[in-house]
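Trainee: The structure's right below; bear with me while I get my questions together.
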2 protein chains.
Amino acid sequence: MTITENSFTGEFSYTLDSKGRLNIPSKFRSALSPDNDSNFVITKGMDRCVVAYPVVEWQRRVEAGLRELSATSQRNRLFVRSVTRYATTVRLDGQGRIQLTPYLKDYARLDRDVRIIGVVNKIEIWNPDDLENIDELSPEDFEDLSDKVIL
Amino acid sequence: MTITENSFTGEFSYTLDSKGRLNIPSKFRSALSPDNDSNFVITKGMDRCVVAYPVVEWQRRVEAGLRELSATSQRNRLFVRSVTRYATTVRLDGQGRIQLTPYLKDYARLDRDVRIIGVVNKIEIWNPDDLENIDELSPEDFEDLSDKVIL
DNA sequence: TAACATTGTGGGTAGAAGTGGGTAACAAAC
DNA sequence: GTTTGTTACCCACTTCTACCCACAATGTTA
């Protein structure tokens with residue numbers, strides 16, 4: 001099972017229920033490696049979305065780096081704070097749902113309908129309107145980047 | 001159990017009660033390693049906030065950082081003194097609350113409403129207004145540091 | 001087509017978490 | 001010795017949340 005660890009793809013539509021719970025697509029759930037303990041870390045993403053990392057992913061990429069950053073410069077301090085401040089560890093409930101924090105729900109303008117997309121090793125949670133309105137890559141850029149990234 | 005030692009994330013709103021007691025988020029309490037004896041060291045933080053370290057973390061800092069700094073310049077010595085001078089060990093009460101010292105409460109302008117944020121290996125306690133008003137990083141700086149640290 | 005399994009959604013409820021206050025113990029001040 | 005004030009411990013109350021069960025809709029298998 002160690003072949004593809006946490007590779008998320010696809011787009012899904014879900015609704016936040018009255019308690020603010022959000023379903024995670026079952027395909028994403030099964031893509032979680034078992035030692036993840038069914039946990040995600042959710043935080044602010046770029047462009048007004050919420051990102052969710054499997055915990056191991058978060059630890060590997062973020063925590064390790066943040067610990068190294070010295071707190072001496074104001075710039076570093078602001079950065080570390082702005083990353084961790086909005087990050088919360090959440091566990092899937094029995095039905096595979098997570099609870100969003102009020103701040104993140106507000107930040108990403110999530111009301112009832114949400115769009116969830118898989119982005120390789122993380123998940124993004126969007127307001128459907130915002131997702132439609134973000135600028136798509138120009139066809140030229142797309143080809144340019146495609147060449148470089150293989151794919 | 002090999003998870004990560006004391007990694008604090010997230011933001012929480014609490015109130016100082018009439019006795020000056022401050023609740024510590026349960027998520028932070030459980031992130032304390034058991035041998036910490038339910039203790040924190042609180043002291044002056046950068047940018048007008050109060051910082052709270054688990055005792056083991058505090059000890060590590062004192063040994064690693066402060067000791068070296070102290071011998072060098074007068075400026076550093078002043079800094080070290082101001083940090084250690086106001087440092088107090090506090091224990092959580094039965095409900096998971098701590099008592100702030102008058103000096104720190106005054107220094108961070110904590111009145112009734114406070115914001116608590118987790119910053120990797122320490123906790124910061126803020127006046128809500130101050131927290132909102134600290135300069136956020138410019139998007140360029142953010143991306144720049146993101147590239148270096150995260151991916 | 002019928003039987004069954006999976007998935008998304010909704011809601012009740014016990015226990016946890018946050019908040020407030022009483023009081024005994026102790027130290028400092030009078 | 002008495003008074004005052006602070007602190008730590010205990011108990012009480014309200015709010016929130018994690019866990020449980022339920023069910024409809026969809027997909028799958030025989």
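The values are calculated or read from the model by the stated rules, or taken from the named source; none is laboratory data. Since the model is a prediction, treat every value here as computed from it, not as a measurement. Glycine gets a Cβ as well: all are built from the backbone with ideal geometry, and neighbour counts include every protein chain shown.
Trainee: What single numbered condition from (1) more than 7 Å from chain B (Cβ to nearest Cβ); (2) outside any loop (DSSP other than H, G, I, E, B) fails to hold for A:Arg75?
Mentor: Here A:Arg75 clears every test but (1).
Trainee: Among (1) away from DNA strand D (no atom under 16 Å from the Cβ); (2) part of a helix (DSSP H, G or I), there is one condition A:Glu124 misses while meeting the rest; what is its number?
Mentor: (2)
Trainee: Checking the conditions here, which among A:Val90, A:Val119, A:Val62 is closer than 27 Å to B:Ser138 by Cα, crowded, with 19+ Cβ neighbours inside 10 Å and within 14 Å of chain B (Cβ to nearest Cβ)?
Mentor: None of the others qualify; the one that does is A:Val62.
Trainee: Here's a follow-up. Among the residues in region A:122-132, are any more than 16 Å from DNA strand C (Cβ to nearest atom), modelled with pLDDT under 90, more than 12 Å from every other protein chain (Cβ to nearest Cβ) and surrounded by 13 or more Cβ atoms within 10 Å (Cβ to Cβ)?
Mentor: Yes, region A:122-132 has at least one match.
Trainee: Something else: Tell me, please, whether a residue that is at pLDDT 90 or above and in a loop (DSSP other than H, G, I, E, B) can be found in region A:8-15.
Mentor: Within region A:8-15 (the criterion being at pLDDT 90 or above and in a loop (DSSP other than H, G, I, E, B)), the answer is no, since none of the residues qualifies.
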